[in-house]
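Have a look at the structure below, then the notes.
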Amino acid sequence: MEIIDRKENPLLNRVEIEFRWNHEGAATPSRADMLNAVASIEPGSNRDLIVIKDVNTRFGMGSTTGLGLVYADKESMKVEPTYIHERFAEMRAAEPEPETPAEESTDASGGEE
């Protein structure tokens, strides 16, 4: 992922990142992939406060452009329409955490009281 432009927008309390993703010979990256890439590029960003918009893939070329909006807090995100909140809520709920599952045998009490 290549950053084309990065703007601080203090009025809306967000950072706007225009990007280009070259994926020659591979499938178009998903919004979730783009969201994770923007989160890794912007230091201190919270994955739950990022919105990906204006995604455009050129026909016949392995290049996709888009806009990542990194909000500072949940209150600032209220400027986004309801359908955007619903789209990203489903995306975040469907994506599993990369952590390993917790062990079931962690109970050290022995069952006696």
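The values are calculated or read from the model by the stated rules, or taken from the named source; none is laboratory data. Since the structure is predicted, the reported quantities are computational estimates derived from the model, not experimental observations. Reconstructed Cβ throughout: ideal geometry from the backbone, glycine too, with neighbour counts over all protein chains shown.
Filtered by the rule that a residue be of a type in the set (A, V, I, L, M, F, W, C) and in contact (Cβ under 8 Å) with a residue 60 or more places away in the chain, the range 75-93 gives Val79, Met91. Applying the set (1) at pLDDT below 85; (2) within 24 Å of Trp21 (Cβ to Cβ) to Gly110 leaves exactly one unmet item: (2). The set of residues in the range 42-74 that are surrounded by fewer than 16 Cβ atoms within 10 Å (Cβ to Cβ) and in contact (Cβ under 8 Å) with a residue 40 or more places away in the chain comprises Arg47, Asp48, Gly62, Ser63, Thr65, Asp73.
Could you list, in sequence order, the residues of the range 56-86 that are closer than 17 Å to Asp33 by Cα and part of a loop (DSSP other than H, G, I, E, B)? Residue satisfying the conditions is Gly62 alone. Filtered by the rule that a residue be free of Cβ contacts under 8 Å to residues at least 12 places away in the same chain and exposed (fewer than 14 other Cβ atoms within 10 Å of the Cβ), the range 12-41 gives Ala27, Ser30, Ser40.
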